[in-house]
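What follows draws every value from the coordinates through simple rules; no lab data is involved. Please read all numbers here as calculations on a predicted model, not as lab measurements. As a convention, Cβ positions derive from the backbone with ideal geometry for all residues, glycine included, and neighbour counts pool all protein chains shown.
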């Protein structure tokens with residue numbers, strides 16, 4: 001197995017982040033707490049990451065000279081979302097280590113490459129087929145059957161680029177519109193629950209994980225995450241075993257999340273990979289000895305990985321822009337719940353479906369944590385509108 005080796009990057013050094021959203025923001029908070037300087041590069045200014053970074057560089061990802069200049073001023077570079085062009089990562093890697101590496105990014109930012117990698121390495125996935133023409137679609141539907149889900153191969157997240165095909169008429173509608181890009185047809189899975197394992201791997205090959213997290217989605221966007229997940233021990237152990245295999249097969253240095261469907265028979269199927277901290281792992285910021293963000297920092301800097309011990313059961317609820325529909329949410333009401341933490345991302349313009357922040361609750365049980373965090377989110381709008389945010393989302 002190939003293990004990358006290089007000198008440890010110690011506190012005081014500058015860490016580069018390609019991307020500037022909320023994941024980079026929380027990474028920067030963890031890095032600055034440990035004495036590192038953070039530089040961020042993205043096409044926009046006054047970003048969630050830029051607001052807390054030491055240096056915010058505005059540039060286009062395809063401006064490779066600008067990317068190289070950015071990389072020349074940091075000791076190691078990571079990314080906070082996987083849709084950074086692979087060419088940008090390759091340009092930066094000419095000058096500094098990039099972790100996780102460009103090969104990991106290349107696989108994870110394309111569903112077909114990702115599914116092919118997983119299946120080729122023996123990891124369980126739903127039946128799938130590549131679709132590059134209407135003829136491919138007809139063949140794939142015949143092989144996989146209906147219902148199924150047609151997805152764009154590249155650059156999809158939060159349910160974007162997905163169409164459920166329930167009937168032959170749905171297939172005919174796609175055929176009528178033509179196939180103009182690479183797609184993937186996947187069998188529709190009637191799952192019992194959705195799970196994730198956020199894990200990290202160090203420069204020396206050390207592996208740690210935060211256990212299995214249970215996730216509930218609404219309108220294809222993560223709504224609530226709960227840890228630990230209420231699944232049998234053998235399912236939890238298998239999920240971690242698969243996650244470890246994925247990180248080792250990809251030679252990951254950094255944090256990666258493996259998302260699963262768990263069928264009603266208890267079988268795990270890998271749905272997606274995210275080669276960076278993940279929305280479902282946000283609760284680790286408050287609930288664990290070492291958060292996913294600090295762990296990302298430790299891994300990319302070559303430091304020993306920290307304990308992932310869960311201090312108390314926890315739950316996280318996303319705060320979408322819908323909550324601002326009738327004005328500023330009632331933060332005081334949410335703060336009145338003593339076991340709840342508020343995290344806002346510094347985004348100035350709320351939009352429906354846009355992730356603006358999240359709440360985390362700690363409690364004596366996962367069920368109680370989930371109840372508390374949903375109640376706290378409901379308080380944000382209840383007194384003003386009489387409508388609970390949980391109902392709207």
Residue 54-residue 190 pseudo-label distance in nm [points 7 Å out on the Cα-to-Cβ vector]:
5.6 nm
Chain lengthening between residue 219 and residue 206 when straightened (0.36 nm per residue, less Cα-Cα)
1.0 nm
What order, most packed first, do the peptides 270-279, 110-119 have when packing is the mean number of other Cβ atoms within 10 Å of each residue?
270-279, 110-119
Can you give me the relative contact order of the stretch 187-273 as a percent, contacts being Cα pairs under 8 Å and 6 or more apart?
37 percent
Classified through the alpha carbon gyration tensor (a ≥ b ≥ c as square roots of its eigenvalues; rounded if a/c is under 1.5, else prolate when a/b is larger than b/c, else oblate), the stretch 14-108 comes out rounded
Cα gyration tensor, the stretch 127-187 - rounded (a/c under 1.5), prolate or oblate:
rounded
Please list, by residue number, everything in the stretch 124-150 whose backbone N is under 16 Å from a paramagnetic label point 7 Å out along Cα→Cβ of residue 167.
146-148
Between residue 13 and residue 63, what is the FRET efficiency for a Förster distance of 35 Å, r being their Cβ-Cβ separation, to the nearest 0.05?
0.90
Distance in nm between label sites at residue 365 and residue 176, each 7 Å beyond Cα in the beta-carbon direction?
5.2 nm
Report the extension gain between residue 234 and residue 93 in nm, rounded to one decimal, defined as 0.36 nm multiplied by the number of residues separating them, less their alpha carbon distance.
46.8 nm
What FRET efficiency would be calculated for the residue pair residue 241, residue 103, taking the C-beta separation as r and a Förster radius of 22 Å, to the nearest 0.05?
0.45
Summing -39500 (n - 2.57) over every DSSP H run of at least 4 residues in the chain and dividing by its residue count gives a helix-only mean residue ellipticity at 222 nm, to the nearest 500 deg cm²/dmol, of -9500 deg cm²/dmol
Given a Förster distance of 22 angstrom, what is the FRET efficiency for residue 72 paired with residue 348, based on the Cβ-Cβ distance and rounded to 0.05?
0.10
Label-point separation (nm) for residue 113 and residue 309, each offset 7 Å from Cα along Cα-to-Cβ?
4.0 nm
